[in-house]
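To start, the structure itself, in structure tokens.
Nothing in this text is a laboratory measurement; each read-out follows from the coordinates by a stated rule. Not measured: the values here are computed from a predicted model. Methodologically, a virtual Cβ is constructed for each residue, glycine included, from the backbone with ideal geometry; neighbour enumeration extends over all protein chains shown.
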Amino acid sequence: MAEDSRVPADHDPERTAVLPEETLEAGASADRRLAIAEAEARAEEQRNLYLRAVAELDNFRKRSQRDVEQAHKYGLERFAQDLLGVVDSLEAGIASAETSSDRSLIDGQQATLKLLLSAIQKHGIRAVEPAGERFNPELHEAIAMQEAAGAEPDTVLKVVQKGYQLNGRLLRPARVIVARGP
């Protein structure tokens, strides 16, 4: 019998066991089951991490919304507390108006105004008083133009009503009379 050149010379057919196909599939199947179980465990772990992250994000959103609502609801609390002193002062002025002289009423009104201006300045409200300045349409509202000797054109001659800014943002423009050019 001719020797097959593909079979090694030291090959012993009795020592080489041929595994049946079921054995190969069973071994591969066990490896597949193990790989599938590991993949499912990783997938479950990732799903749990995802659900935890979604819950944390939802809680953060709810907390943020609640904080914004609280800020809107109670944002003026400090300002209102500062204005209560002004209210008290006005009430005391009205009560004493019946028995006091005119000078004491004026002094009381000046003290109340000073208290009010102090309260609003504490909260970032500043008066816009542009008398003598160049007209600025972003801060001033011209209600009239008037010729004035010795005044440069487009300058504010008179402030009819003060304007106010809140932290640099215009609340109300100053109503002014502006110098007209010749």
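List of remarks:
- Distance from segment 105-141 to segment 25-72 (C-alpha centre basis), Å: 58 Å
- Which of LYS114, LYS162 has the fewest Cβ neighbours within 10 Å, and the rest in rising order: LYS114, LYS162
- Residues whose placed amide H lies under 5 Å from that of MET145, excluding near-sequence neighbours: VAL178
- Acute angle (nearest 10 degrees) that the helix 21-74 long axis makes with the longest principal axis of the chain, alpha-carbon atoms: 10 degrees
- Helix 102-122 and the long axis of the chain differ in direction by around 20°, with both axes built from C-alpha atoms.
- In degrees, nearest ten, helix 77-96 long axis to first principal axis of the chain (Cα): 20 degrees
- Ranking LEU139, GLY168, ALA149 by how far each Cα lies toward the positive end of the dipole of segment 125-182 (charges on Cβ) leaves GLY168 at the top.
- Between the exposed loop cleavage positions of the chain, defined as GluC sites (Glu not before Pro) in a non-H, G, I, E, B DSSP state with at most 14 neighbouring beta-carbon atoms within 10 angstrom, the longest gap is 15-97.
- Each Lys and Arg Cβ is given +1 and each Asp and Glu Cβ -1; about its Cα centre, segment 125-182 then shows a dipole of about 280 debye.
- Taking every DSSP helix (H) stretch of at least 4 residues in the chain, weighting each as -39,500 (n - 2.57) and dividing the sum by the residue count yields a mean residue ellipticity at 222 nm of -19000 deg cm²/dmol.
- Rel. contact order, % - alpha carbon contacts under 8 angstrom, at least six apart, segment 132-178: 47 percent
- Here segment 61-182 is treated with +1 on each Lys and Arg Cβ and -1 on each Asp and Glu Cβ, and its dipole about the Cα centre works out to around 740 debye.
- Computed over the alpha-carbon atoms, the chain gives an Rg to Rh ratio of 1.68, Rh here being the Kirkwood radius from the mean inverse distance.
- A dipole drawn for segment 36-101 from +1 and -1 charges on Cβ atoms has a positive end, and of TYR50, LEU83, SER96 the residue lying farthest that way is TYR50.
- Under the criterion of Cα pairs below 8 Å and six or more residues apart, the relative contact order for the chain equals 15 percent.
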